[in-house]
1. Looking at (1) over 19 Å from the mean Cα position of the chain (by Cα); (2) in a loop (DSSP other than H, G, I, E, B); (3) over 20 Å from Cys28 (Cα atoms), which is the one condition that is false for Ala168?
2. Go through (1) more than 21 Å from the chain's Cα centre (by Cα); (2) farther than 17 Å from Thr4 by Cβ; (3) surrounded by 15 or more Cβ atoms within 10 Å (Cβ to Cβ) for Phe80 and report which single condition fails.
3. As an exercise: evaluate Asn218 against (1) of a type outside the set (Asp, Glu); (2) part of a helix (DSSP H, G or I); (3) assigned by TED's automatic domain parsing to the domain that holds Lys239 and give the number of the one condition it does not meet.
4. Give the residues of segment 38-56 that are farther than 20 Å from Ser76 by Cα, free of Cβ contacts under 8 Å to residues at least 40 places away in the same chain and charged (D, E, K, R), sorted by residue number.
5. Is segment 172-181 home to any residue that is over 21 Å from the mean Cα position of the chain (by Cα), surrounded by 15 or more Cβ atoms within 10 Å (Cβ to Cβ) and of a type in the set (Gly, Ala, Ser)?
6. Mind checking which residues of segment 192-245 are exposed (fewer than 13 other Cβ atoms within 10 Å of the Cβ) and farther than 23 Å from Ala155 by Cα?
7. Could you identify the single residue in Ala144, Ala155 that is surrounded by 15 or more Cβ atoms within 10 Å (Cβ to Cβ), among the small types (Gly, Ala, Ser) and either touching a residue at least 24 places away in the same chain (Cβ under 8 Å) or out of contact with any His (no Cβ under 7 Å at 6 or more places or on another chain) (or both)?
8. I'm trying to understand the selection: among the residues of segment 94-129, which are more than 21 Å from Arg36 (Cβ to Cβ) and among the aliphatic types (A, V, I, L, M)?
Amino acid sequence: MAGTNAAEVAEAVRIVTDLGADLIDLNCGCPVKKIRSKGAGSSLLTDTPRLYQLICAMKQNTSVPVSIKIRVESHSHEKFNAEVASVVSDAGADFLVVHGRHWTEHYETPCNYQEIAFFVEQLNIPVIGNGDISCYDSLKKMLATGCKGVMISRASVGQPWLIKKLVADMQQQIFQLPSITEIGLIFIEHVEKLIELLGSEKFAIIQARKFAKYYARNLENKLQFCEMVNQCESFCDLKEICLRCFI
């Protein structure tokens, strides 16, 4: 969740706890302007008194683990790593997720493993590393920071089997990658689940257009497929396009 008002965050925490949340995360890494302009997201990294209040409010209103997701100083002029580490610890967060870039840095900037390692050294709670994990080699680089676990997001878009593959790699087991046909069927299932989640076929199709290029990354007619998906208006049409292009 994101927020700046301790009372509102406390109420939100109570609601999601009652709904059965397994853990609750406070987003202190979002770089989006409309979030930062409200003092939320990555703005909290330089407003540590407020950050402390928010974490305390969360901890006081739930029995489930509370995590904080942050970004790092990196090469910016902002210096907040040490103070954020202290506040996260003092406020009683259960674990910390660290994305190894400053909020102004884009994906072409390499993940800063050294600063993730800094938080590992400073804290007695688990640190989860995040950033640039897309294969076994990059996973090993992240784990070398001493982090207790990893978070993978961008690389898994369009290949939701990635987590299982990395686990198999760690265990030195063979993982059978899905065929092109199977990938098409997975995309269809993904959209079906979106319709179920959103309760709207129209909105699900709009979301599906964003994911199409990722599922089609190894498709010979990738551009044609994405163009057709962008023009389709119904799940029936999308399913027909997938069956035609992937099978």
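The values are calculated or read from the model by the stated rules, or taken from the named source; none is laboratory data. The structure presented is a predicted model; accordingly, all values stated were derived computationally and were not measured. Virtual Cβ from ideal backbone geometry, glycine too; neighbours counted across all protein chains shown.
1. Evaluating Ala168 over (1) over 19 Å from the mean Cα position of the chain (by Cα); (2) in a loop (DSSP other than H, G, I, E, B); (3) over 20 Å from Cys28 (Cα atoms) leaves (2) as the failure.
2. (2)
3. (2)
4. Answer for segment 38-56, where residues must be farther than 20 Å from Ser76 by Cα, free of Cβ contacts under 8 Å to residues at least 40 places away in the same chain and charged (D, E, K, R): just Lys38.
5. There is no residue in segment 172-181 that is over 21 Å from the mean Cα position of the chain (by Cα), surrounded by 15 or more Cβ atoms within 10 Å (Cβ to Cβ) and of a type in the set (Gly, Ala, Ser).
6. The answer is Glu196, Gly199, Ser200, Lys202, Gln231, Glu233, Ser234, Cys236, Arg244.
7. Testing whether each residue is surrounded by 15 or more Cβ atoms within 10 Å (Cβ to Cβ), among the small types (Gly, Ala, Ser) and either touching a residue at least 24 places away in the same chain (Cβ under 8 Å) or out of contact with any His (no Cβ under 7 Å at 6 or more places or on another chain) (or both) leaves just Ala155.
8. Those that are more than 21 Å from Arg36 (Cβ to Cβ) and among the aliphatic types (A, V, I, L, M): Ile116, Ala117, Val120, Leu123, Ile125, Val127, Ile128.
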